[in-house]
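Data first, discussion second: the structure below is written as structure tokens.
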Amino acid sequence: MPLQFTPEQEMLREQVSRFVRQECSEQLFRRMDEEAHYPHELYAKLADLGMLGIPIPVAYGGSGMGCVSSAIFQEELSKRLLPLQMTFQVSILSAGMAILDLGSPAQKARFLPQLAQGKINFSIAFTEPNAGSDAAAIALTATASGDGFRLNGQKIFISAADISDFMLVSTRTDRNVPKREGITAFIVDSRSKGLTIRKIDKLGIKANAYCEVFFDDVYVPAENIVNGINKGWAVVTHSLERDRIGAAARWVGVGQEALDYAVDFARNRSQFGRKISSFEWTRDLFAEMQTKLDAAKLLTYRAARLMDEGKPCRKEASMAKLFASELVVELSRSMMQVLGGYSYALEYRSQRYLRDCLFATIGAGTSQMQKLIIANEMGI
Ligand SMILES: Cc1cc2nc3c(=O)[nH]c(=O)nc-3n(C[C@H](O)[C@H](O)[C@H](O)COP(=O)(O)OP(=O)(O)OC[C@H]3O[C@@H](n4cnc5c(N)ncnc54)[C@H](O)[C@@H]3O)c2cc1C
């Protein structure tokens with residue numbers, strides 16, 4: 001499958017790339033890390049440019065451009081504005097697409113146009129202290145109460161929960177059936193009484209917090225159920241492939257930026273009268289990493305294209321996510337060596353790329369889970 005983009009997709013890449021370079025100064029890039037500053041105004045600008053609506057159909061205020069275009073957008077955005085890509089991924093790709101395909105007509109009409117316009121954000125609250133890779137093992141309960149339900153329990157590691165207006169939450173509604181058959185998904189207003197959000201201090205991507213969320217008798221009306229009672233597993237798993245393709249595109253973007261940064265450094269620093277970039281081992285390393293990045297890109301856009309063609313892409317999405325995420329960690333680590341002592345100084349970017357990408361092999365399904373999926377799809 002050749003890696004060919006339409007003229008519109010090439011234009012989109014150029015437009016996002018220009019946006020990122022114009023809007024994200026060195027000062028902002030550092031502020032996002034050092035002060036955990038989240039640039040809300042840039043997310044609003046992306047909405048004004050119509051970019052948040054890329055995967056949302058025209059009927060709901062988006063442009064319906066599909067998965068390849070979404071991946072292009074995410075790859076370029078992640079190069080410098082990773083915290084915004086994280087929000088786009090959970091809010092629009094995960095929650096938005098689940099509402100689009102499984103939500104009620106009223107939910108679609110209410111939430112999708114606002115998502116495309118950047119007026120609201122969603123977070124995805126699936127993981128719990130005792131339910132991570134085993135996402136169906138959730139314990140947070142939803143109990144019928146009047147015209148709605150009362151939610152009690154805890155979620156953990158929820159990206160952008162602190163800046164979300166709504167959360168898509170998986171809950172346990174029946175304990176007496178196999179675990180996947182007793183799950184219900186709710187849209188929960190983040191300002192609900194009884195809901196507490198606590199940011200967890202973390203290693204990288206500081207501007208996009210991940211949070212603990214506590215539910216203490218939180219009331220949710222029944223109309224906020226997505227896809228019906230005890231049919232929440234379909235919601236939890238709905239956006240997994242899109243999520244993995246998005247994550248792969250993100251890590252291709254970050255990896256390319258980390259490589260370009262180190263190449264530039266190596267071209268400008270000399271030891272023993274020679275440029276660092278002229279040593280055999282750095283040339284070898286750069287060539288190997290660019291080759292692997294291109295391979296990750298091919299895997300990513302192969303999966304995205306299959307998704308746009310409506311073909312199965314479970315295995316291909318996992319392969320792209322697995323390869324790109326393992327690669328970005330290997331690449332960022334090896335670029336530290338190129339910078340020598342400078343790599344360890346916070347004012348140089350290499351340590352930042354490494355810190356930011358260390359969760360690549362964990363979030364959106366760990367590498368081990370991707371391998372399980374690939375092996376299963378191979379029929380092994
Ligand atoms: C930065 C960040 C952002 C996140 N954002 C969100 C979010 O927005 N919403 C959300 O719901 N969650 C989010 N998560 C949670 C993420 O999805 C989980 O961390 C991930 O699914 C792994 O779950 P866990 O941490 O409980 O690890 P565990 O499932 O406990 O796994 C621990 C280790 O055991 C391995 N393992 C587990 N089961 C198996 C098995 N069957 N075979 C072999 N090995 C296995 C895993 O691969 C891993 O190496 C986020 C996590 C991070 C780090």
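The values are calculated or read from the model by the stated rules, or taken from the named source; none is laboratory data. None of the values given here were measured: they were computed from a predicted structure. All Cβ positions, glycine included, derive from the backbone under ideal geometry; neighbour counts span all protein chains shown. Side chains are part of the model used for accessible areas, which takes the heavy atoms of the whole protein and leaves out ligands, DNA and RNA. Shrake-Rupley method; radii C 1.70, N 1.55, O 1.52, S 1.80 Å.
For the stretch 1-68, what D do you get in µm² per second when you plug the Kirkwood radius from alpha-carbon pairs into Stokes-Einstein at 4 °C and 1.567 mPa s? Diffusion coefficient, whole number: 94 µm²/s. Note on L49/E330: beta-carbon distance plugged into 1/(1 + (r/R0)^6) with R0 of 30 Å gives a FRET efficiency of 0.35. Three principal axis extents of the chain based on alpha-carbon atoms, in descending order, are 78, 44, 43 Å. Temperature 20 °C, viscosity 1.002 mPa s: under these conditions the Stokes-Einstein estimate for the stretch 117-224, based on its Kirkwood radius over C-alpha pairs, is 152 µm² per second.
To the nearest 0.05, how large is the calculated FRET efficiency for H40 and S278 if R₀ is 51 Å and r is the Cβ-Cβ distance?
So, using R0 = 51 Å, E works out to roughly 0.70.
Going 7 Å from the Cα of R191 along its beta-carbon direction, which residues of the stretch 202-236 have the amide nitrogen within less than 18 Å of the resulting point? 218-221, by backbone N distance to the label point.
The modelled label-to-label distance for the pair D147/N376, using points 7 Å beyond Cα in the direction of Cβ, is 4.0 nm.
State, as an integer percentage, the relative contact order of the stretch 239-377 based on alpha-carbon contacts under 8 Å between residues 6 or more apart. Value for the stretch 239-377: 34 percent. Around the Cα centre of the chain, unit charges on the Cβ atoms of Lys, Arg, Asp and Glu (plus for the first two, minus for the last two) sum to a dipole of about 340 debye.
Most simply put, the chain has about 85% antiparallel DSSP beta bridges, counting only bridges with both residues inside it. Largest first, the extents of the alpha carbon coordinates of the stretch 7-120 on the three principal axes equal 44, 35, 19 Å.
Which chymotrypsin sites (Phe, Trp or Tyr not before Pro) in the stretch 1-88 sit in a loop by DSSP (not H, G, I, E or B) and have at most 15 other Cβ atoms within 10 Å of their own Cβ?
F5
Subtracting the Cα-Cα distance of S104 and E223 from 0.36 nm times their residue separation leaves 42.0 nm of extension gain. Over the stretch 239-377, all Cα pairs binned in 5 Å intervals from 0 give whole-percent P(r) values of 2, 11, 20, 19, 16, 12, 9, 6, 3, 1, 0, 0, listed from short to long. Taking 7 Å steps out from each Cα toward its Cβ at N230 and D216 produces label points 3.2 nm apart.
Which one, A266, F186, N208, projects farthest toward the positive side of the charge dipole computed for the chain from Cβ point charges (K/R +1, D/E -1)? The residue sitting most towards the positive pole is A266. If you plug the beta carbon distance of D165 and D264 into 1/(1 + (r/R0)^6) with R0 = 41 Å, you get a FRET efficiency near 0.55.
Solvent exposure of the stretch 45-178 amounts to 33 Å² per residue of accessible area, where only protein heavy atoms count and the probe is 1.4 Å.
With a 1.4 Å probe and every protein chain kept in, tell me what percent of the accessible surface of the chain is carbon plus sulfur. Mind showing how you got there, number by number?
Numbers: 8670 of 16650 Å².
Answer for the chain is 52 percent, counting heavy atoms of protein chains only.
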